[in-house]
Amino acid sequence: MSTQKLATPEQLIIIGNGMVGHHLVEQLVDNAALERYQVTVFGEERHRAYDRVHLSEYFSGRDADSLALCEADYYATSGVELRTSEAVIEIDRNSQEVVTEQGRYPYDRLVLATGSFPFVPPIPGNDRDGCLVYRTLDDLDAIQAAAENATTGVVVGGGLLGLEAANALRGLNLDTAVVEFASRLMPMQVDNEGGELLREKIAALGVQVLTERATQRIEPGETSRLRMVFQDDKVLETDLIVFSAGIRPQDTLARECGLDIGERGGVVVDNQCLTSDPAILAIGEVALWNQSIFGLVAPGYQMAKAAFSTLTEGDTQFGGADMSTKLKLLGVDVGSIGDAHGNQNPGARMFRYLDPIKQEYRKLVVSSDGKKLLGAMLVGNNSVYDTLLQYYSNGIELPDEPASLILPQSSGAAPTLGPGALPETAMICSCHNVTKGNICTAIDGDATDLANVKGATKASTGCGGCTALLKSVVDHELEARGVEVDKSICEHFAHTRQELYDIVRVEGIKTFSELIEKHGNQDTHCLGCDICKPAVASILASCFNEPITDAAHIPLQDTNDTFMANMQKNGTYSVVPRVAGGEITPDKLIVLGEVAKKYSLYSKVTGGQRIDLFGARLEDLPDIWGELIAAGFETGHAYGKSLRTVKSCVGSTWCRYGVQDSVGMAIQLENRYKGLRSPHKIKFGVSGCTRECAEAQSKDIGIIATENGWNLYVCGNGGMRPRHAELFATDLDDEQLYRTIDRFLMFYVRTADRLQRTSVWRENLDGGLEYLKEVILEDSLGINSELERQMQHVVDSYQCEWANAISDPDKLKRFRSFVNDDRPDPSIIMTSERGQLRPA
Amino acid sequence: MTATALKHTVSTDTWQPLCTKADLVAFSGVAAWLNTSEGPAQVAIFYLPRQRSQGQEKELYALDHFDPFSNANVIARGIIGDVKGSSVVASPLYKQHFRLEDGQCLEDENIKLRTWKVAFRGEEVWVEG
Ligand code: SRM
Ligand SMILES: Cc1cc2nc3c(=O)[nH]c(=O)nc-3n(C[C@H](O)[C@H](O)[C@H](O)COP(=O)(O)OP(=O)(O)OC[C@H]3O[C@@H](n4cnc5c(N)ncnc54)[C@H](O)[C@@H]3O)c2cc1C
Ligand code: SF4
Ligand code: FES
């Protein structure tokens, strides 16, 4: 073909046009090595290289062409000679020639990429009609033909490929059985527990599973085409048998020409993929490196790269590969990482999690010091596979409680490893050998989006298994470079909320003006803005608890805090008195009704177990509150970033199931923490038993009664992004409960960002729940007594802001709609609906 | 009622006293009625006492009390601040910023609140209606 070349090119012959051989051709083509080499490829199969990994899709509608790894004219246009349906039958090393039935071809360099062949156990009768294997497109055609007038099928071998074959038989509408010699399915990848689970799952799909069955012979059947006879003379009749009992390297040619072969087969190669004859290389499943055969495509691709490098005097070497795999077999997730059995690392420790209901099994193999992940096994759910693989392949130090990685999410475990935590050397795409570092380089070049990064690195253009990870890494890196993450709260302070909190506390700064004078940006005006002022007001209130209506604090507040009511869309306000724990006397209910009637307020029971009176005019607020306070009400802080409500269920006092007085506890807690100003609003729930009628697990602080006391849950959230609270401490007595919540809340107040609910704070907290437990329960920072003292100060200095305001004529002046006229705002117009007023 | 309609005020003296210094709230706003040539208007008066001592701009501002985004009379109840070098008030409902100097909305160049001249005469606050 390439007759125009001037210098005599060296002859390079590749035997085998499978996945790995083809990858080598791509390397040669892409890197202009065809100037130097005239390449000839021999393929025994009829088809040009195709995607064997997705072979089974042939049965679900894909054809040979769509499985092919390249366009039909790829070889011709690239100048590579591809000779399909032409098997090499001999290698003559003396004359440096390969021999086929068609002729002899000289070579300067030779690459063996002959892959492997399915192992068929030496059972008498294994060559009868209807005995088949599962490796090539032709094999699949044969299975399809045999299935046509068959009703039953058996797969011999319950390993990875066996199960894939079983799925295929099922898809061909055969009654399918899997016969495994070992005592469990997938003996290589899973242990007894995992195997048992897998058996149940697969049996549930209607595939019969027979383990510990050694087939003695195969005879003609009575009711079906074939009969399998097992060791104990039990028999199984079937119309066809697919052998999938493992693969063996296709090393016949190499053996016959005297190359070094491993004891159990495989052409011995070194890091350069050179065999014992330096003119000959071997790659893919035929190659034996460091006593190992790699039965996966990614290591084969790496060998192809090493071989290319050897052929072009480069220095890329093959250094072994990870055999971790993640598969969906018959719809069942199975994952295996590293030393999944834990038998290659003496002293390794195992963690196991088995959920018999969801049918999930997970196992971790951890180094004896508990710091490194050595292996993992997953059955039934692969969701943590990616995270575990990163821990394993990058040697990332495990969290203090490694078990959290395999516990179900709802118990607040399994923090996923963010892309930021990965080292530069982290392998992101193993098909194309792309590390996080390569991705960063591409981005620092001029790849500005995912598509560009893919183009530049080829990442995720192989098996596709890394797509999700690649995206998260790219997003993370782009973000890190794009908008520089400025943590300043606003243009007036080059500080975060946490930093401002510390400054205020350490320096004892009591006003906004002092803070901005000492710590504000010099080049901005000194007024602050609607971001920093309320944030600082909240910090000052958390620290010193002075009334927010004091002159120095008034300009800092949002209108809701200024007027201690929530502004509605027409400029009126809502009035929400505290109804601690949701418990209210009939007398107080009547007062609410009377006040609502007198001031024409729309009344509604809120989602927080209290009553909201809407539509109050600014100038009416003091009178309304005067009447409420006289009846024993106090402000409900519905307007503040502060404690809202403590929702309760009726508990042991009335409920037949209640084990503690949940209402009593809710009232205690609401009264203790009312008035605490915090980064965002805080909600509690207290339930009298595990039936959880108060929905405590959706609150910032959730408390559920137990026989022995109280279980404390933290960092739940309803709202926009619901999050279940996490169990924090169990069986606390009342006193322990208060202390723990004191510390928890003060730590939140101290360290959270502005407008950050506990749930979001928790998700952003380095070290997660474990860290929080260390700080709050074990006092790892030594700050607990200080946190308790601070909380006690807030509790002791509580006063009802409304009571404070109406006793101060100066403060009341603020509640005038107009300073020069007593008339109400005439543009507030109401209409009535369902017997109440609402904005027109 | 549109906040964008800017009318030339009549040149005759229409200055009127609205309230006293004691009615104002430092670094915040109050609302008052004002007689204008187009009829009564609700104005928001903001008092920034420190401005003068620092040699900056004015210490009194008068703007529309009407918030064109919510159609409610609430501007006087917004938070005062300075954003990118101008003194502003943030609407208490949907948080748009309006420049105190000329009423210009920072988020929407087509929206501008009316403004009036305002000054102390002794302890009294006078506005040109
Ligand atoms: C009145 C009420 C609805 C009702 O008619 O039931 C209500 C009304 C408002 N909610 Fe709410 N929420 C009310 C219960 C809830 C609940 C249910 C609960 O507390 O059990 C939730 C979900 C639980 C949670 O917070 O986790 C809830 C999640 C929100 C959120 C979303 C918070 C989040 O973290 O995702 C907002 C927006 C925000 O805070 O940024 C919000 C904001 C608001 C605001 C303040 C919106 C606003 O700025 O105008 C509403 C003003 C109320 C007013 O003017 O008085 N409201 N809001 C409820 C008052 C409860 C109370 O007695 O204090
Ligand atoms: C059903 C199935 C599912 C699989 N699933 C996965 C998976 O999910 N993930 C994964 O990583 N791997 C999987 N594999 C394994 C993967 O397909 C192999 O690792 C990969 O194909 C190995 O590539 P190779 O080029 O070394 O061998 P092959 O792809 O087998 O190619 C070798 C080629 O050489 C030819 N050949 C052999 N001898 C001669 C000769 N004398 N002359 C000429 N040609 C010859 C053969 O006909 C064959 O076409 C799966 C395999 C199968 C069968
Ligand atoms: S949570 Fe338990 S105690 Fe409370 S009301 Fe429900 S069932 Fe009764
Ligand atoms: S790991 Fe296979 S495409 Fe990336």
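The values are calculated or read from the model by the stated rules, or taken from the named source; none is laboratory data. None of these values were measured; they are calculated from a predicted model. Reconstructed Cβ throughout: ideal geometry from the backbone, glycine too, with neighbour counts over all protein chains shown. With ligands, DNA and RNA removed, areas are computed over all heavy atoms of the protein, side chains included. Shrake-Rupley method; radii C 1.70, N 1.55, O 1.52, S 1.80 Å.
One table, with the values for the structure above:
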quantity: Selected residue [exposed (fewer than 11 other Cβ atoms within 10 Å of the Cβ) and within 12 Å of chain B (Cβ to nearest Cβ)] from A:R816, A:R834, A:R823; calculated: A:R823
quantity: Test: residue in segment A:92-109 that is polar (S, T, N, Q), more than 10 Å from ligand 2 (Cβ to nearest atom) and in contact (Cβ under 8 Å) with a residue 60 or more places away in the chain; calculated: yes
quantity: Yes/no for A:A182 being in a loop (DSSP other than H, G, I, E, B), small (G, A, S) and under 24 Å from A:L296 (Cβ atoms); calculated: yes
quantity: Unmet requirement for B:N35, which otherwise passes all of (1) within 18 Å of A:H492 (Cβ to Cβ); (2) assigned to a strand (DSSP E or B); (3) over 12 Å from the mean Cα position of the chain (by Cα); calculated: (1)
quantity: Pairs with Cβ under 7 Å, 6+ apart, first in segment B:86-97 and touching a residue at least 24 places away in the same chain (Cβ under 8 Å) and more than 7 Å from every other protein chain (Cβ to nearest Cβ), second of a type in the set (D, E, K, R) and assigned to a strand (DSSP E or B); calculated: B:S91/B:D67
quantity: Single residue of segment A:543-583 satisfying the filter (open to solvent by 50 Å² or more (accessible area, probe 1.4 Å) and over 45 Å from the mean Cα position of the chain (by Cα)) that is nearest to A:F614 (Cα to Cα); calculated: A:A551
quantity: Boolean, B:D23 is surrounded by 15 or more Cβ atoms within 10 Å (Cβ to Cβ), in contact with a Ser or Thr (Cβ under 8 Å, 6 or more places away or on another chain) and either at pLDDT 95 or above or at the interface with chain A (Cβ under 10 Å from one of its Cβ atoms) (or both); calculated: no
quantity: Matching residues in segment B:83-129 - criterion: being open to solvent by less than 50 Å² (accessible area, probe 1.4 Å), touching a strand residue (DSSP E or B) at 6+ places or on another chain (Cβ under 9 Å) and in a loop (DSSP other than H, G, I, E, B); calculated: B:S91, B:P92, B:L93, B:Q96, B:L100, B:D102, B:G103, B:I111, B:L113, B:R114, B:G129
quantity: Which numbered condition A:R255 misses (of (1) open to solvent by less than 40 Å² (accessible area, probe 1.4 Å); (2) part of a helix (DSSP H, G or I); (3) over 19 Å from A:V25 (Cα atoms)); calculated: (1)
quantity: Some residue of segment A:781-788 being assigned to a loop (DSSP other than H, G, I, E, B) and within 14 Å of chain B (Cβ to nearest Cβ); calculated: no
quantity: Qualifying helices (runs of 4 or more DSSP H) (wholly inside segment A:586-676; at least 3 residues being open to solvent by less than 50 Å² (accessible area, probe 1.4 Å) and outside the structural domain of A:F818 (by TED's automatic domain parsing)); calculated: A:662-673
quantity: Strands (runs of 3 or more DSSP E) lying entirely in segment A:29-110 (those with 2 or more residues that are aliphatic (A, V, I, L, M)); calculated: A:37-42, A:88-92, A:97-100
quantity: Residue among A:D129, A:D65 that alone is at pLDDT below 95, open to solvent by 40 Å² or more (accessible area, probe 1.4 Å), farther than 30 Å from A:L274 by Cα and assigned by TED's automatic domain parsing to the domain that holds A:S224; calculated: A:D129
quantity: Unmet requirement for A:R743, which otherwise passes all of (1) within 13 Å of ligand 1 (Cβ to nearest atom); (2) of a type in the set (K, R); (3) farther than 23 Å from A:I531 by Cβ; calculated: (1)
quantity: Out of A:A145, A:A177, A:A168, sole residue that is in a strand (DSSP E or B) and either within 16 Å of ligand 1 (Cβ to nearest atom) or among the aliphatic types (A, V, I, L, M) (or both); calculated: A:A177
quantity: Scope segment B:29-46; condition small (G, A, S) and at the interface with another protein chain (Cβ under 8 Å from one of its Cβ atoms); matching residues; calculated: B:A31, B:A32
quantity: Members of segment A:705-742 that are surrounded by fewer than 22 Cβ atoms within 10 Å (Cβ to Cβ) and among the acidic types (D, E); calculated: A:E707, A:D731, A:D733, A:D734, A:E735
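Quick grid of which residues meet (1) open to solvent by less than 20 Å² (accessible area, probe 1.4 Å); (2) assigned to a strand (DSSP E or B); (3) within 19 Å of A:L374 (Cβ to Cβ):
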{"position": "A:G295", "(1), (2), (3)": "no, no, no"}
{"position": "A:P299", "(1), (2), (3)": "yes, no, no"}
{"position": "A:M303", "(1), (2), (3)": "yes, no, no"}
{"position": "A:T310", "(1), (2), (3)": "yes, no, no"}
{"position": "A:Q317", "(1), (2), (3)": "no, no, no"}
{"position": "A:A321", "(1), (2), (3)": "no, no, yes"}
